[in-house]
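Have a look at the structure below, then the notes.
The values are calculated or read from the model by the stated rules, or taken from the named source; none is laboratory data. As the structure is a prediction and not an experimental result, all values here were calculated from the model. Please note: Cβ atoms are built from the backbone with ideal geometry, for glycine as well, and neighbour counts cover all protein chains shown. These area figures cover heavy atoms from the full protein model, side chains too; ligands, DNA and RNA do not enter into them. Shrake-Rupley method; radii C 1.70, N 1.55, O 1.52, S 1.80 Å.
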Amino acid sequence: MYDAGKIIVGIVVFVVLATSPLWFNALTEATPEAPKLTLPTNGSTECVEATGYMRASHMDLLNQWREQVVRTGQRDYVSSSSGKVFDMSLSRTCMDCHSNKADFCDACHTYMAVSPYCWDCHVEPKGAN
Amino acid sequence: MGALVSLVAVAVLALLAVTAVASDNLRLVFGAVIPGVAFAVFLVGVVARVTRWARAPVPFRIPTTAGQQKSLPWIKNSELDNPSGTLGVVGRMFLEVLFFRSLFRNTKVELITDKEKVNYIGTKYLWAAAMAFHWSMLIVVFRHFRFFVEPVPRVVEIIQSLDGFFQVGVPVIYATSVLLIVSLGYLLLRRLADAKVKYISLPTDYFALYLLLGIAISGFLMRHLEKVDIVNVKAAIAGWASFQLVAPEGVGALYFIHVFLVSVLFVYFPFSKLLHAPGVFLSPTRNLANNNRAKRHVNPWNPPIVGHTYAEWEEEFHDKLVASGFVLDKE
Ligand code: HEM
């Protein structure tokens, strides 16, 4: 007696599962390219820190700000790239420049399936979403 | 000794990956070419291996599994441990593959010196660590789908939010990434701490553990310490899907270590003990119903049995039998 029939079914299931990202992407219309971001329209040209750092580590900065404000009450942040002073606030500073949340923060976050719970409490800029 | 050899091997592999940061060509090799080739080796290797297994005959059912087999109606049988049909087999496989039921019965020998007694007691640590490791790895790999597909399916997001339930840190520390590292650590310590287990451990046993630990730790550091630009990572991986090999921009050494160790894992898999993953589905004591008494199983490599019935014998010696006055059946 041989059980090759059943094993071949198993092999097919394995191959389909292992390559699932390939055909998943082929079946969905969405392009897997990185999202286009809408940069601030208020005339500013630089972020709080260098763009490369912001792209990968903005959550670190936010976490640091949060800790500074909530634990030490200190609200001024001196940028290490431009030397400018910023008020450490999520809604008032970040979202002041990046007022188009939907096409900036959310564009990236949806792409990477990140859903920061910060907005449970913090105010989103008006007209966003 | 084996532990050390494997540790050095994995460390050298990780250092090799660090060189990738040096030039654009090396980034391409380590960030795209090697993972692509490694995945192909994994896929073809596993399929070839299992196909080879599929060619082996399955002559007989193993009846000696724990549990009473089905026999007379008034003897209570154990359908899960000694199944008589497909349903029982499916149940037994389900519990084995998803919950490691056999390992749950793991025992340990204990010598009680003052009473001069040997004691066998159940021990669940290995089972618990194995469950923690395998399930964590499954969930971690499943969460990685956010790097591979667009749009990210809703289930992945649900798993993510459950996994990050404790909302510790920013970005959230996932329970499974911690559990993965802790359980691998236990599995490694188990081999090192117990003299008996250490004695029977081979370099390959350690290699797999170090490799997985290296992958898990580099991934964890990449998420929580040395951030990489994962938007670029996803965009580059999306290119692989359409067979455009590009390495992501804005990623550091950790990313190359992570991906290179994953590539090594892919290549190592079809040639090593890690093949127990497909292998568990082919365990003869788990996947065959014990129906030896109910069904006839013919060993496929037996030569054909040439029978000679009484009628044929009578036919062959017909004349002689008649001559000797023998009473034939036929007449
Ligand atoms: C080619 C395949 C892979 C790629 C491209 C990849 C890439 C990544 C990246 C970019 C991160 C950082 C996540 C973040 O910043 O949020 C990460 C994290 C991680 N990776 Fe991988 N990875 C791969 C395969 C694997 C495999 C097979 C394992 C399991 C053994 C694994 C285990 C982990 C772990 C434990 C983390 C920590 C964070 C988390 O749990 O999400 N990775 N990986």
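Counting only C-alpha contacts under 8 Å and six or more residues apart, can you give the relative contact order of chain B as a whole percent?
31 percent
Taking the full set of protein chains and a 1.4 angstrom probe, give the accessible area of B:Val233 in square angstrom, rounded to the nearest 10.
Near enough 10 Å² of accessible area.
Looking at the calculated P(r) for region B:89-203, what percent of the C-alpha pair distances fall above 19 Å?
63 percent
Hey, what do the phi angles of region B:222-232 turn into as Karplus ³J(HN,Hα) couplings, whole Hz, using 6.51/-1.76/1.60 and θ = phi - 60°, x for Gly and Pro?
Values, residue by residue: 5, 7, 10, 10, 9, 4, 10, 7, 6, 5, 5 Hz.
Can you compute 3J(HN,Hα) from phi for each residue in region B:274-283, using the Karplus curve 6.51 cos²θ - 1.76 cosθ + 1.60 with θ = phi - 60°, rounded to whole Hz and x for Gly and Pro?
So the J values, rounded to whole Hz, are 5, 5, 4, 4, x, x, 4, 5, 9, 5.
Which number comes out as Rg/Rh for chain A once both Rg and the Kirkwood Rh are worked out on C-alpha atoms?
1.22
Cα axis of helix A:51-67 to longest principal axis of chain A: angle in degrees, 0 to 90, nearest 10?
So the inclination is approximately 70 degrees.
So, counting K/R as plus one and D/E as minus one, what does the shell of residues with Cβ under 15 Å around B:Ile159 add up to?
+1
Give the angle, between 0 and 90 degrees and rounded to the nearest 10, that separates the Cα long axis of helix B:253-268 from the longest principal axis of the Cα atoms of chain B.
It works out to around 10 degrees.
If I compute solvent accessible area with a 1.4 Å probe over the protein chains, what percent of it on region B:2-323 is carbon and sulfur?
Answer for region B:2-323: carbon and sulfur cover 70 percent of the accessible area.
Under 15 Å from the 7 Å Cα→Cβ point of A:Thr51, by amide nitrogen: which residues of region B:220-238?
Counting only backbone N, you get B:232.
Taking K and R as +1 and D and E as -1, what net charge do the other residues with C-beta under 15 Å from the C-beta of B:Pro278 add up to?
+4
What's the average, rounded to a whole number, of partner chain beta-carbon atoms within 10 Å of each residue's beta-carbon in A:109-116?
For peptide A:109-116, the averaged partner shielding equals 6.
Given N residues in region B:163-281, what is Rg(Cα) / (2.2 N^0.38 Å)?
Against the compact-globule rule of thumb, the ratio is 1.25.
If you project the alpha carbons of region B:2-323 onto the principal axes, what extent comes out on each, in Å, largest first?
102, 62, 42
So what's region B:1-47 giving for Cα Rg divided by 2.2 N^0.38 Å, two decimals?
Scaled against compact globular proteins, the figure is 1.43.
Taking 8 Å as the Cα distance limit and 6 or more residues as the minimum spacing, I'd like the relative contact order of region B:133-247 as a percentage.
Over region B:133-247, the number comes to 26 percent.
How many angstrom separate the Cα center of region B:220-237 from the Cα center of region B:73-128?
Taking the Cα centre of region B:73-128 as reference, the centre of region B:220-237 is 43 Å away.
If I build a Gaussian network model for chain B, linking alpha-carbon pairs within less than 10 angstrom, which residue out of B:Val140, B:Val41, B:Val149 has the largest mean-square fluctuation?
B:Val149
As a test question: what accessible area, to the nearest 10 Å², does B:His318 have when a 1.4 Å probe is rolled over all protein chains in place?
B:His318 exposes around 60 Å² with every protein chain in place.
Write down the Kirkwood hydrodynamic radius of region A:51-120, to one decimal in angstroms, obtained as one divided by the mean of 1/r over all alpha carbon pairs.
One decimal place: 13.1 Å for the Kirkwood radius.
Given the protein chains as shown and a 1.4 Å probe, how many square angstrom of B:Phe281 are accessible, to the nearest 10?
110 Å²
Given R₀ = 30 Å, what would the calculated FRET efficiency be for A:Trp119 paired with B:Val44, taking r from the Cβ atoms and rounding to 0.05?
Efficiency computed from Cβ-Cβ geometry: 0.05.
May I ask for the distance between the Cα centers of region B:285-331 and region B:1-56, given as a whole number of Å?
Using only Cα atoms to place each centre, the spacing works out to 58 Å.
So what is the relative contact order of region A:51-120, in percent, for Cα pairs below 8 Å that sit 6 or more residues apart?
It rounds to 16 percent for region A:51-120.
Which three lengths, in whole Å and largest first, does the protein assembly as shown cover when its Cα atoms are put on their principal axes?
125, 67, 47
In the structure displayed, which of B:Lys124/B:Lys196; B:Lys108/B:Lys273; B:Lys76/B:Lys108; B:Lys198/B:Lys273; B:Lys70/B:Lys124; A:Lys126/B:Lys227 lie more than 20 Å apart, Cα to Cα?
Over 20 Å Cα-Cα: B:Lys108/B:Lys273; B:Lys76/B:Lys108; B:Lys70/B:Lys124; A:Lys126/B:Lys227.
At 7 Å along the Cα-to-beta-carbon direction for both B:Val141 and B:Met1, put a label point, then send me their distance in nm to one decimal.
The answer from the label model is 3.4 nm.
Sum up the charges of everything whose Cβ sits under 13 Å from the Cβ of B:Leu202, counting Lys and Arg as +1 and Asp and Glu as -1, but leave B:Leu202 out.
Charge balance in the 13 Å sphere: +2.
I want to check the label-to-label distance for B:Tyr125 and B:Asn302. Put each point 7 Å from Cα in the C-beta direction and report it in nm to one decimal.
The answer from the label model is 4.9 nm.
Work out the mean other chain Cβ neighbour count within 10 Å for the residues of A:6-16 and drop it here as an integer.
Mean number of neighbouring Cβ atoms from other chains: 4.
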